[in-house]
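Any read-out appearing in this document is the output of simple, stated calculations on the displayed coordinates, not a laboratory observation. Just so you know, these numbers come straight off a predicted model, no measurement behind them. When we count neighbours, we look across all protein chains shown, and the Cβ atoms used for this are built from the backbone with ideal geometry, even at glycine.
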Amino acid sequence: MIKGTPELIAGRREEIVNACEKLYRTMSFRDITLKEIGREVTFSRPTIYNYFRTKEEIFLALFEREYDRWNADLEKILGLPAPMEKTELADTVAKSLEKRTQLLKLLSMNNFDMEENSREELLTSFKRAYGRSMENIRAILRRFCPGMSGERIGNVIYVFFPFMFGIYPYTAVTEKQKNAMKNAGVAYTYQSVYDITYSCLIGLLGI
């Protein structure tokens, strides 16, 4: 049992996740350790274990928060007036994902290991946020594409969500990777998160 007021507990948990987010902007998952995270918080490193048992659990909490942030944007889209042209819908959803670079970066990781090394109750909380995003996309399609059947909406979701796992590697390319592609003679056009997401949605919506 963690001791302290609900405000203290929530604040410390948030501080740990914030520290992880800060490090993840410039470091890889492999290089970030609990020791590194401990240097970024205002309390002792052993205190972290009262909230998270593993590094993977901290990343899972960050992952959940990123889904929550995207869900907030998706729910704003649901509040927009209908009807909406499919091109406008693709544009709006692509813009919502364009802001979620951290979410896309997390999606590009080995999620199996992250989930396997997290307690079930934390994984369940994460899955709720993930499931909410799927339901929000489903609701958006129902609202703005009223002629789309339930089966087709399901097909769009089960293509688009796996597609999201590959967005970050295709759009966050280092100079080293660019040089390697050039040296290998591979012709490749680099695209932004918006461009690649918009193109996918245009195809899925049948435009």
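Worth a mention:
- Along the chain, the exposed loop sites are chymotrypsin sites (Phe, Trp or Tyr not before Pro) outside DSSP states H, G, I, E and B with at most 15 other Cβ atoms within 10 Å, and the longest stretch free of them is 50-164.
- Nearest-ten-degree value, helix 6-24 long axis tilted from longest Cα axis of the chain: 70
- Estimated from helices alone, the mean residue ellipticity of the chain at 222 nm is -22000 deg cm²/dmol (sum of -39500 (n - 2.57) over DSSP H runs with n ≥ 4, per residue).
- Calculated log₁₀ intensity ratio I(q)/I(0) where the Debye formula runs over C-alpha points of region 1-51, q = 0.24, 0.31 Å⁻¹: -0.88, -1.25
- Added length on full extension, which subtracts the Cα-Cα distance from 0.36 nm per residue, Glu175 to Gln191: 4.3 nm
- Region 19-135: radius of gyration and largest Cα-Cα distance (Dmax), Å: 16.5, 54
- Table column - 3J(HN,Hα) (Hz), region 39-45, Karplus curve with 6.51, -1.76, 1.60, x for Gly and Pro: 6, 9, 9, 8, 10, 5, 4
- Folded to 0 to 90 degrees: helix 193-204 orientation relative to the chain principal axis, Cα: 50
- Where N is the number of residues in the chain, Cα Rg divided by 2.2 N^0.38 Å: 1.16
- With at most 11 neighbouring Cβ atoms within 10 Å, loop trypsin sites (Lys or Arg not before Pro) (DSSP) excluded, longest segment of the chain: 31-207
- With respect to the chain, whose longest principal axis is taken over its alpha-carbon atoms, helix 150-164 is tilted by about 50°.
- Treating each Cα of region 141-207 as one equal point scatterer and applying the Debye formula with no solvent, the log10 of I(q)/I(0) at q = 0.17, 0.24 Å⁻¹ comes out as -0.70, -1.05.
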